[in-house]
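Peer 1: Structure provided below as structure tokens; questions to follow.
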Amino acid sequence: MKLAVICNPAKVSDEESLRVEIKRRWPDAGLKWLQTTVDNSGEGQARQALDRGAGLVLVAGGDGTVAECAGPLASTGVLMASVPMGTGNLLARNLGLPLDRTDENTKDRISWLAYVFGGARALRRTKSTRYEVSVDNGSTVSARASSSTATTQARPES
């Protein structure tokens with residue numbers, strides 16, 4: 001399966017550690033690394049991932065990055081996973097996804113880097129589960145993942 005990672009560098013301060021962990025977990029995935037920018041916070045990168053044939057898009061960032069990526073991926077059959085790296089991670093909390101509980105002293109000492117290390121530790125600890133999702137038309141998608149997110153997406157009016 002081709003894997004695309006969409007990384008928000010404003011939220012992930014140690015991208016190399018994240019790359020190493022992703023390559024360790026998916027060594028044969030044909031990794032494509034895409035970064036968000038101030039002008040393109042995820043939507044364009046998600047479209048690039050689709051254009052390049054990704055079967056799984058891993059989003060490393062906060063709630064805004066995940067939301068920007070979810071729209072273009074909706075109804076495509078491409079899987080999306082999230083590595084919560086944002087400040088509040090409200091989506092991950094609301095869905096009950098595992099979060100690293102980095103202690104306040106560590107955050108005070110090394111600032112945002114504590115979240116990167118915590119995210120990498122969470123990736124190593126998270127076990128995958130088989131998910132099957134069925135939609136209204138009856139088609140079923142089956143995949144193995146650490147978590148799943150279900151969203152709705154309204155189509156823009158023309």
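Peer 1: Just to check your reading of the model, which residue among ALA67, ALA60, ALA49 is touching a residue at least 24 places away in the same chain (Cβ under 8 Å) and under 20 Å from SER13 (Cβ atoms)?
Peer 2: Within the list ALA67, ALA60, ALA49, the selection yields ALA60.
Peer 1: For region 36-48, how many residues are of a type in the set (A, V, I, L, M, F, W, C) and part of a loop (DSSP other than H, G, I, E, B)?
Peer 2: 1
Peer 1: Let me ask something else. Where residues in region 1-49 are aliphatic (A, V, I, L, M) and surrounded by fewer than 15 Cβ atoms within 10 Å (Cβ to Cβ), which of them is modelled with the lowest pLDDT?
Peer 2: That would be MET1.
Peer 1: If you check GLY88, GLY30, GLY44, GLY55, which single one turns out to be touching a Lys or Arg at 6+ places or on another chain (Cβ under 9 Å) and farther than 16 Å from ALA145 by Cα?
Peer 2: GLY30
Peer 1: Tell me whether region 52-64 contains one or more residues that are in a loop (DSSP other than H, G, I, E, B), aliphatic (A, V, I, L, M) and modelled with pLDDT of 90 or more.
Peer 2: Within region 52-64 (the criterion being in a loop (DSSP other than H, G, I, E, B), aliphatic (A, V, I, L, M) and modelled with pLDDT of 90 or more), the answer is yes, since at least one residue qualifies.
Peer 1: Let me ask something else about it. Within region 2-35, how many residues turn out to be of a type in the set (A, V, I, L, M) and part of a helix (DSSP H, G or I)?
Peer 2: Number of matching residues: 3.
Peer 1: Let me ask you something else. List every residue pair whose Cβ atoms lie under 9 Å apart, where the two residues are 6 or more positions apart in sequence or sit on different chains, the first residue falls within region 13-24 and is under 15 Å from VAL59 (Cα atoms), and the second residue, located anywhere, is among the polar types (S, T, N, Q).
Peer 2: Short answer, once both residue conditions are applied: SER13/SER111; GLU15/GLN35.
The values are calculated or read from the model by the stated rules, or taken from the named source; none is laboratory data. What you are looking at is a predicted structure, and each value in this text was computed from that prediction instead of being measured. All Cβ positions, glycine included, derive from the backbone under ideal geometry; neighbour counts span all protein chains shown.
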